[in-house]
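Participant: This is the structure I want to talk about, given as structure tokens.
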Amino acid sequence: MLNRRTTEMMVFTFFRGCAVLVVLALIVLVGYILTGGLERLSIEFLTEMPRRANTQGGILPAIVGTFYLMLIVLAISVPIGVMSAIYLQEYESSSVMGRVFRLAVYNLAGVPSIVYGLLGLGIFVAYLGLGFSLISAGLTLSIMTLPLMITSAREAIAAVPSTVREASYALGATKWQTIWHQVLPYALPGIFTGIILSVSRAAGETAPLMLTGVAMSLQRLPDSFFDSFMALPYHVFYMATQSSDLLATRPIQYATALVLLLLVLGMNLIAIVLRKRYRDKYRW
Amino acid sequence: MTTAIHTDDLHVYFEKNHALKGVTMDIGMNEVTSIIGPSGCGKSTFIRCINRMNDIIPGCSVKGAIMVDGADINDDDVDVVNVRRRIGMVFQKPNPFPKSIYENVAYGPRLHGVTETVDGKVRRRKHTKEELDGIVEHSLRRAALWDEVKDRLDKSGTSLSGGQQQRLCIARTLAVNPEIILFDEPCSALDPIATAKIEDLLVDLKKDYTVVIVTHSMQQAARISDKTAFFYLGDLIEMGDTKQIFERPQKELTEQYITGRMG
Amino acid sequence: MAFKIKREGRRKLRKNKHLPPQEKLIQLALFLATWSSVAALAAVFGELLLGAFPAFTSIDIIDFFTGTVWNPSHPMYPLYGILPLFVGTLMVSFGAALIAIPIGLGCSIWLAELASPRVKAIFKPAIEVLAGIPSVIFGFFALVILSEWIAAVFDPVTKLNALNGAIMLAVMMVPIMVTVAEDAMNAVPRSLREASLALGATKWETIRHVVVPASISGVMAAIVLAFGRAVGETMTVLMATGNATLLHFDMLRSVQTMTAAIAIDFGEVEFGSEHYHVLFLVGLVLFVITFLINFLAVWITKRFKEDY
């Protein structure tokens with residue numbers, strides 16, 4: 001039998017190796033996209049319309065499309081999600097209904113995004129007649145992000161210690177006064193973190209868009225919510241798998257992937273910093 | 001003696017657990033009443049009934065009457081918010097809000113506003129800045145904390161020491177101007193010096209308030225209270241003048257507990 | 001000691017009628033918001049059922065679940081056997097799990113038990129960042145770079161193959177696993193570790209015999225959750241595995257997963273056709289599988305939960 005210390009050392013080396021490997025994977029991935037994408041990235045690439053079947057020009061419509069999608073998600077899933085989280089955590093924390101809802105929401109967070117795409121196609125595109133449009137895709141993404149939004153907001157609210165609520169009630173505060181003055185202010189950074197992460201998830205999502213009408217190439221920006229649109233993640237997919245000359249457009253593929261990566265990672269970093277600050281600031 | 005709180009055959013259940021089994025008791029006005037007994041005897045459950053804090057515990061049900069100033073606080077037309085305004089509570093662990101000292105004390109008054117009668121009409125308005133400053137200073141002085149914090153009212157309440165935090169919680173309760181204050185083992189997390197300060201404060205407070213304190217320390221009960229009640233397994237075993245309870249207990253259970261043969 | 005009833009006291013406690021019924025209104029608004037989100041989410045399931053329903057009458061359901069050929073675009077005799085897609089999904093996700101489980105566990109243990117706070121402050125955000133990268137980026141990387149590396153090492157039948165997808169999915173699974181498993185290990189009270197160390201156990205023995213068994217529910221839930229994500233992942237496998245629909249078990253050949261089939265076929269399918277409804281049926285199967293996997297994770301967490 002190996003010496004106990006030797007076994008320990010070997011096992012720990014393996015563990016450290018695993019951790020290093022994971023970070024290495026991140027560095028390699030980001031490194032490749034970065035070096036591949038910088039070559040083509042320029043102001044014109046970000047601000048011009050695509051030309052000649054996307055083989056020249058920029059990706060402005062895709063950037064604007066993704067931006068609009070994020071706006072729709074913000075406008076719909078944030079208020080509904082946060083309100084639901086407050087209700088489930090503060091009003092139905094122990095009822096059967098609350099427990100069932102929470103379980104349902106938790107499970108729906110794991111449903112594949114492509115399945116949400118089917119919902120969007122069936123309900124928004126076909127049944128409600130919104131067609132293949134920005135609004136159909138935006139609504140689909142909103143519903144897709146709801147479980148994540150509710151869960152993260154609920155966790156932030158649940159993290160406020162119950163002693164704070166008790167103290168407020170004991171002073172004669174009503175339920176809503178307690179929530180508004182004591183619970184929400186301290187849950188807010190956590191809720192914000194959840195919002196940013198949810199919206200960035202929606203921004204990077206591709207599969208639901210493929211079923212709700214993302215366009216391959218447009219020479220203009222969408223002029224209404226019922227117009228068709230381009231989106232960054234789909235543009236990466238389309239250019240990498242279906243464009244007319246896959247090898248020649250590789251720099252465009254890299255550069256589009258880089259723009260998407262920077263957008264999503266930027267939001268993630270903001271969320272991480274926000275959460276860290278908040279953890280340092282409030283300790284009960 | 002005038003009665004401040006009268007309970008009549010008070011039962012409390014947590015789901016199926018029968019936590020209080022018919023407590024009938026009178027608590028005198030402007031007195032300090034101690035409630036003692038071994039852990040799990042229902043003493044905390046009892047005082048949490050008096051300002052209906054048990055309402056927020058799922059599965060808890062209360063039967064029997066709790067009369068305060070002639071009204072049953074569990075009546076349908078009673079607003080729980082008004083109950084808690086008139087009957088304040090200080091908890092076992094100091095729990096200041098993670099806000100400034102000033103905001104901690106001003107929170108209660110801000111919620112309730114000022115109700116005044118102008119030309120025969122009842123009106124509710126916000127406090128002026130001067131009024132709030134006055135309430136904050138008065139409450140902190142009354143809780144014997146003012147001199148220690150007057151230069152740093154904008155510092156977070158959580159930055160104070162444990163004993164100061166607990167006095168801040170007392171000041172916060174006083175700011176709402178209650179008639180009765182309930183203390184749920186207020187010194188159990190504090191050192192002896194901080195405990196002595198709180199005890200002095202409690203004795204001083206009874207001039208203006210009715211004080212009920214749950215404590216696991218018999219010495220504390222003996223030092224500060226006028227009346228002492230002994231609970232055991234959800235029953236009120238004996239209640240009387242503190243001197244009598246500790247020197248000539250009438251019930252055998254009480255004697256066993258006081259002489260340290262139980263608990 | 002008579003108890004006198006005083007009118008004054010009763011008046012002071014009575015409900016204040018001057019206050020607007022704000023509380024109730026707010027509660028109502030919150031209630032409605034909650035119901036609308038639950039309704040929206042219930043619609044996912046409802047719409048899948050509705051969309052898949054016509055398929056139950058037009059094709060043979062037994063053939064659907066046991067058929068070994070997926071060829072929905074054949075003009076005369078379309079075949080809707082889900083097995084090639086199902087097997088494709090399993091190959092890719094089990095392959096990914098085989099790679100991700102040891103690495104994810106090692107990484108979780110290292111972060112929870114061994115890493116210094118300073119190193120942890122760098123590694124943890126890095127892992128969160130990895131979790132936040134969009135799947136289309138992983139897919140792109142697998143398509144353009146990883147597949148070349150695999151081709152250089154294994155000389156595979158097709159350049160885009162199940163192994164390519166599995167490795168890329170493993171990279172996506174690890175951060176999900178680490179987040180959940182590390183939390184579970186952190187929840188093990190320090191006193192348990194100290195008790196073991198005080199008996200003369202080494203750090204590794206303490207981890208193996210105390211920390212891991214005590215956090216086993218969280219660790220298992222982490223694995224199950226990550227596996228569920230792998231099953232439902234679309235873009236990565238769509239771009240990495242080549243999308244051939246033949247039934248086989250060779251990791252070095254191309255496969256198509258259920259998710260990829262839905263994404264690709266909808267590009268060409270006629271609205272309301274048989275193929276359209278069958279794709280909803282595939283979606284329904286996918287939904288049920290991932291829902292059950294999630295449920296399993298919840299059940300494991302509850303069932304094996306330790307109370308300290």
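Participant: Counting only protein heavy atoms, what percent of the accessible surface of chain B is carbon or sulfur at a 1.4 Å probe?
Facilitator: 48 percent
Participant: Which order do you get for B:R152, A:R5 if you rank them by accessible area with a 1.4 Å probe, largest at the top?
Facilitator: Accessible-area ranking of B:R152, A:R5, largest first: A:R5, B:R152.
Participant: If you don't mind, there's one more thing I want to ask. Which order do the peptides B:201-208, C:93-100, C:77-84 come out in when sorted by mean C-beta neighbours inside 10 angstrom, highest first?
Facilitator: Result, highest mean first: C:93-100, C:77-84, B:201-208.
Participant: Which entries of B:K93/B:K207; B:K16/B:K243; B:K43/B:K206 have Cα-Cα distances beyond 29 Å here?
Facilitator: As for pairs spanning more than 29 Å Cα to Cα, those are B:K16/B:K243.
Participant: How much accessible surface area, in Å² rounded to 10, belongs to the heavy atoms of C:H277 with a 1.4 Å probe?
Facilitator: So the heavy atoms of C:H277 present about 30 Å² to solvent.
Participant: Could you work out the mean count of beta carbons from other protein chains within 10 Å of each residue's beta carbon in A:25-35?
Facilitator: 5
Participant: Pop the C-beta distance of B:D191 and B:K155 into the FRET formula with R0 = 30 Å and round what comes out to the nearest 0.05.
Facilitator: Result of the calculation: an efficiency of 0.90.
Participant: Residues of segment B:173-191 with backbone nitrogen within less than 16 Å of a virtual label 7 Å along the Cα-to-Cβ line of B:D208, please, listed as ranges.
Facilitator: B:173-182
Participant: Show me the ranking of peptides C:149-155, B:240-246, A:226-232 by mean Cβ neighbours inside 10 Å, starting with the highest.
Facilitator: So the peptides C:149-155, B:240-246, A:226-232, ranked by packing, come out A:226-232, B:240-246, C:149-155.
Participant: Sort the following peptides by mean Cβ neighbour count (other Cβ atoms within 10 Å, averaged over residues), highest first: A:115-124, A:94-103.
Facilitator: A:115-124, A:94-103
Participant: Sticking with the crude label model, points 7 Å out along Cα→Cβ, report the distance from C:I122 to C:L25 in nm, one decimal please.
Facilitator: Here the answer is 5.5 nm between the modelled labels.
Participant: Next question, about the same structure. For B:V118, what accessible surface area do you get with a 1.4 Å probe? Give it in Å², rounded to 10.
Facilitator: 60 Å²
Participant: Obtain the nm distance between the two label points defined at C:L50 and A:E48 by a simple spin-label model: each point lies 7 Å from its Cα along the Cα-to-C-beta direction.
Facilitator: The two pseudo-label positions are separated by 4.6 nm.
Participant: If I model a spin label at C:V153 and A:V20 as a point 7 Å from the Cα along the Cα→Cβ vector, what separation in nanometres do I get?
Facilitator: Reported label-point gap for C:V153 and A:V20 is 1.7 nm.
Participant: Given the Cα-Cα distance of B:D75 and B:R141 and 0.36 nm per residue of separation, how much length would full extension add, in nm?
Facilitator: In short, 20.2 nm is gained.
Participant: Comparing A:L74, A:L274, A:L146, which has the greatest mean-square fluctuation in the GNM of chain A with Cα pairs linked when under 10 Å apart?
Facilitator: Result: A:L274 has the largest fluctuation of those listed.
Participant: Which length gain, in nm to one decimal place, applies between A:L128 and A:M10 when the Cα-Cα distance is subtracted from 0.36 nm times their residue separation?
Facilitator: My answer for the length gained is 36.4 nm.
Participant: Still on this structure, I have one more. In segment B:213-237, whose amide N lies under 14 Å from the spot 7 Å out along Cα-to-Cβ of B:M262? List them in ranges.
Facilitator: Answer for segment B:213-237: B:230-237.
Participant: Additional query: Mind checking the mean number of beta-carbon atoms from other chains within 10 Å of the Cβ atoms in A:82-91?
Facilitator: 5
Participant: Now a separate question. If R0 is 51 Å, what FRET efficiency do you get for C:H74 and A:I270 from their C-beta distance, rounded to 0.05?
Facilitator: With R0 = 51 Å, the Cβ-Cβ based efficiency is 0.50.
Participant: I would also like to ask the following. Apply 1/(1 + (r/R0)^6) to the Cβ-Cβ distance of A:L188 and B:Q244, taking R0 = 45 Å, and write down the FRET efficiency to the nearest 0.05.
Facilitator: It comes to 0.25.
Participant: Next question. Can you grab the distance from the C-alpha centre of segment C:63-86 to the C-alpha centre of segment C:257-308, Å, no decimals?
Facilitator: Here the answer is 18 Å between Cα centres.
Participant: Something else now. Hey, any idea what % of segment A:43-281's accessible area is carbon plus sulfur with a 1.4 Å probe?
Facilitator: Carbon and sulfur: 65 percent of the exposed surface of segment A:43-281.
Participant: Hey, for a label at A:Q56 modelled as a point 7 Å past Cα toward Cβ, could you say which residues of segment A:234-248 have their backbone N under 18 Å away?
Facilitator: Output list for this probe position: A:244-248.
Participant: Once you keep just the Cα pairs under 8 angstrom separated by 6 or more residues, what percentage relative contact order results for segment A:43-281?
Facilitator: 27 percent
Participant: With only alpha-carbon pairs counted, each pair once and no self-pairs, how large is the Kirkwood hydrodynamic radius of segment C:79-303 in angstroms?
Facilitator: 18.9 Å
Participant: Under 12 Å Cα to Cα from B:K21, which aspartates and glutamates show up? Leave out anything in the same chain fewer than 8 places away.
Facilitator: B:K21 reaches B:D8, B:D9, B:D235.
The values are calculated or read from the model by the stated rules, or taken from the named source; none is laboratory data. Worth saying up front: this structure is predicted, and the values here are computed from it rather than measured. Note that we place each Cβ from the backbone using ideal geometry, even for glycine, and neighbour counts take in every protein chain shown. Surface accessibility is based on the protein's heavy atoms, side chains included, excluding ligands, DNA and RNA. Shrake-Rupley method; radii C 1.70, N 1.55, O 1.52, S 1.80 Å.
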